[in-house]
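The values are calculated or read from the model by the stated rules, or taken from the named source; none is laboratory data. Note that the coordinates shown come from a computational prediction; the quantities given were computed from them, not determined experimentally. Cβ placement follows ideal geometry from the backbone for every residue including glycine, while neighbour counts extend to all protein chains displayed. Each accessible area value is taken on the protein alone, full model and side chains, heavy atoms only, with ligands, DNA and RNA left out. Shrake-Rupley method; radii C 1.70, N 1.55, O 1.52, S 1.80 Å.
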Amino acid sequence: RCAWRRSSARQSLREAAAAVALDEGALRRLVSSNLAASEAEMREMLLRGAPQHEAQQRASFGFNQTMQRACMSALEQRDLSLIHYARRGAASLGALQRLGALAPAWLLTRPPGRPVRLQLEELADTLDGSREAREYELRARLVRSVTEGAYNKLRPPPESLADPSVDHVISARDAARLRGGGGIDAVLVLDPEPALLPRHALAEASDELRRLVAQRTQESINPCNRGSWHGFLPLDADKAARQGLGPSTLALLRKLGALPALVSRCGWGRPLVLPPAVQLGFYPGGSGARYSPHLDRNPGEVGLKREITFLLYLNVDWDTDRHGGCLRLHPPDRASGAPVDVAPLGGRVVVFQSGKQLHEVLPCDGADRLALTLWCEYE
């Protein structure tokens, strides 16, 4: 990017690049060593007789706490270096903008001609206000880069979990609409008939998963998703059975895992694979927990390979007027229309492209909100 610029401009960009550099190699090595320590801690706890889910939860919590401190410290040092460089004046701010190191990029363009002092104040405020979210993104990216090789071996094709009992849920026309990805109209909101599980079986699975929340989930550390609790359940039937899950929950996981095959067999732009686990998400009623607007895969996230999001709600007897907790779907732009709210009714399935559909979870009142999420990935 610098080769065609005059020598003074090239030097300015080199200095800007040095000011914003972050030693991700050192952080990746720290991730590797801490993952090894976390696995050793978990094995030791298992040898002492601790339940597997408890050992996993404690080891995961310790790993995340250690890496959170390390990533936050690295970002604080990087931001101080950036501000120190920017204080040189307008030329330095311009170099940072050309380098693409300012987020949001409009800091130096709206309105034009602002005093350098105001631009620096806005830059410092933006860095302070976004650091927590940037730390979470950095940590997630580092962990994905370190574990990608082992993780890829655990991703089977969707056809390996195909189940004829769910063939009626997603039609070829549904799959074509989803593949189009053109705004809210491409989102599938499905209330299968017959349902994935009879009402009594869905209630049994919901009750069991609610009991598991206290044992196998952790409170979210994502700054955009405060107050919610999340854990993971294996898609593999044998692994799920070894965890002692009941027949209704096993049937629900099996049928959720079979849905991506209905899309894959109709053709997709690139090969699809399944993750090893689905996410159990819990939003306590009346807590104010919500998930602010987001994509499940942001542009430029190379390590995160989420392609299609499958949501399955477990909220039997949900009353949207009293309980709220809707999934809010946002259009690509304001000219495309108003947001659409989808009630998280028990047994309902929602499907959309992970990297295209902006969405959020609204707070729920008076009732807990429970959902399973399967992110089908690209190869």
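By accessible area, using a 1.4 Å probe on protein heavy atoms only, the chain has 53% of its surface on carbon and sulfur.
When Phe232, Phe282 are compared by accessible area of protein heavy atoms, the largest-first order is Phe232, Phe282, using a 1.4 Å probe.
Scaled against 2.2 N^0.38 Å for its residue count N, the alpha carbon radius of gyration of the stretch 3-88 is 1.69. For the pair Glu379 and Thr320, label points projected 7 Å from Cα toward Cβ lie 3.9 nm apart. Using a simple spin-label model with pseudo-atoms 7 Å out from Cα toward Cβ, Arg48 and Ser81 lie 3.9 nm apart. Structural descriptor for the chain: relative contact order 17 percent, calculated from alpha carbon pairs under 8 angstrom and at least 6 residues apart.
Across every direction, the projection of the convex hull enclosing the Cα atoms of the chain has a mean area of 21.6 nm². In plain terms, the chain from Ser33 to Thr147 could stretch by 39.8 nm, reckoned as 0.36 nm per residue minus the Cα-Cα distance. Gaussian network model of the chain, Cα springs within a sub-10 Å range: biggest mean-square fluctuation belongs to which of Glu15, Glu132, Glu219? Result for the chain, Cα springs under 10 Å: Glu15 fluctuates most. With a ≥ b ≥ c the root eigenvalues of the C-alpha gyration tensor of the stretch 271-354, is it rounded (a/c under 1.5), prolate (a/b larger than b/c) or oblate? Verdict is oblate for the stretch 271-354. For a straight C-alpha distance cut-off of 27 angstrom, the lysines reachable from Lys356 (same-chain residues fewer than eight places away being disregarded) are Lys153, Lys255, Lys305. Accessible surface computed residue by residue for the chain, with neighbouring protein chains in place and a 1.4 Å probe, gives 50 Å² per residue.
With both labels modelled 7 Å from their Cα along Cα-to-Cβ, the Ala140 to Glu41 distance reads 2.2 nm.
The stretch between Asp163 and Ala17, if pulled fully straight at 0.36 nm per residue, gains 47.4 nm over its current Cα-Cα span.
Rolling a 1.4 Å probe over the protein heavy atoms leaves Ser73 with an accessible area of roughly 60 Å². Between Thr249, Thr126, Thr217, the residue with the greatest mean-square fluctuation in the GNM of the chain (Cα pairs under 10 Å linked by springs) is Thr126.
Solvent-accessible surface (1.4 Å probe) assigned to Ile221 amounts to roughly 60 Å².
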